[in-house]
Amino acid sequence: TMPNIRTRLQQSRLKAFSLMESLLTLVLISFLTLSLSGTVQDLFRKSQETLFFLSFEQVYVDSQKLALSTRQDIFLELEGSQVSNGYQELNLPASIQLVQPLTLHFQETGGNSSLAKVQFQSSDGLVTYQLYLGSGRYKKTKT
């Protein structure tokens, strides 16, 4: 019985990875992990930027509606890393910078009183919102 166990153990030797094979596997897995990590970060940054621009457009429209419904002037302030109308605040992601500070004035009739350009510098280029006088509408362009 005891000699049988020894004989079986000697006959069934397990093959293991050598040190070189183990290092090669570790390097390959590390390379794949790092390359996928960069891709995921890039997708996350682009998604964050897209969500910011959608949120900015919503705050712009909400400011217009708020001025109209409350019959009060509303000021949408864009400065530093924040957009605020006094009721809502929106923080800019790290990958987006405001080109120049600006305050938009929405009259109690709901329209804005300027032909201002709101510009953001993103990782994909310059995003410009050209505002139309009175109507509160805008045209968005990317360059």
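Can you give me the number of residues within segment 41-84 that are in contact (Cβ under 8 Å) with a residue 24 or more places away in the chain and on the phi > 0 side of the Ramachandran plot? Qualifying residue count for the region: 1.
All told, Gln41 falls short of being closer than 30 Å to Tyr132 by Cβ and at pLDDT 80 or above. Among the residues of segment 117-133, those identified as open to solvent by 60 Å² or more (accessible area, probe 1.4 Å) and either at pLDDT below 85 or closer than 15 Å to Ser63 by Cα (or both) are Tyr132, Leu133. For segment 60-87, the set of residues classified as more than 22 Å from Ser122 (Cα to Cα) and either among the hydroxyl-bearing types (Ser, Thr, Tyr) or within 19 Å of the chain's Cα centre (by Cα) (or both) consists of Ser63, Ser69, Thr70, Tyr87, listed by residue number.
Yes or no: segment 56-75 includes at least one residue that is more than 30 Å from Ser114 (Cβ to Cβ), of a type outside the set (D, E, K, R) and open to solvent by 40 Å² or more (accessible area, probe 1.4 Å).
We begin by selecting, within segment 56-75, every residue more than 30 Å from Ser114 (Cβ to Cβ); these are none.
Checking segment 56-75: not a single residue is more than 30 Å from Ser114 (Cβ to Cβ), of a type outside the set (D, E, K, R) and open to solvent by 40 Å² or more (accessible area, probe 1.4 Å).
Counted as qualifying within segment 70-116 are the strands (runs of 3 or more DSSP E) with 1 or more residues that are farther than 16 Å from Gln58 by Cβ and in contact with an Asp or Glu (Cβ under 9 Å, 6 or more places away or on another chain), namely 102-106.
Tell me which residues, restricted to segment 96-116, are over 20 Å from Ala67 (Cα atoms), surrounded by 15 or more Cβ atoms within 10 Å (Cβ to Cβ) and not β-branched (Val, Ile, Thr). Please lay out each step first, then the result.
Initial filter on segment 96-116 (over 20 Å from Ala67 (Cα atoms)): 96-101.
Add one more test, that the residue is surrounded by 15 or more Cβ atoms within 10 Å (Cβ to Cβ), and what stays is 96, 98.
The one that is over 20 Å from Ala67 (Cα atoms), surrounded by 15 or more Cβ atoms within 10 Å (Cβ to Cβ) and not β-branched (Val, Ile, Thr): Leu98.
Flag set for Leu92, criterion: surrounded by 17 or more Cβ atoms within 10 Å (Cβ to Cβ), at pLDDT 95 or above and within 16 Å of Thr128 (Cα to Cα).
Taken over segment 38-55, the criterion of being open to solvent by 90 Å² or more (accessible area, probe 1.4 Å) and among the aromatic types (Phe, Trp, Tyr) is satisfied by Phe44 alone.
The values are calculated or read from the model by the stated rules, or taken from the named source; none is laboratory data. No experiment lies behind these values; they were computed from the predicted model shown. We place every Cβ from the backbone using ideal geometry, glycine too, and count neighbours over all the protein chains shown. Just so you know, the surface numbers come from the protein's heavy atoms only, side chains and all, with ligands and any DNA or RNA stripped out. Shrake-Rupley method; radii C 1.70, N 1.55, O 1.52, S 1.80 Å.
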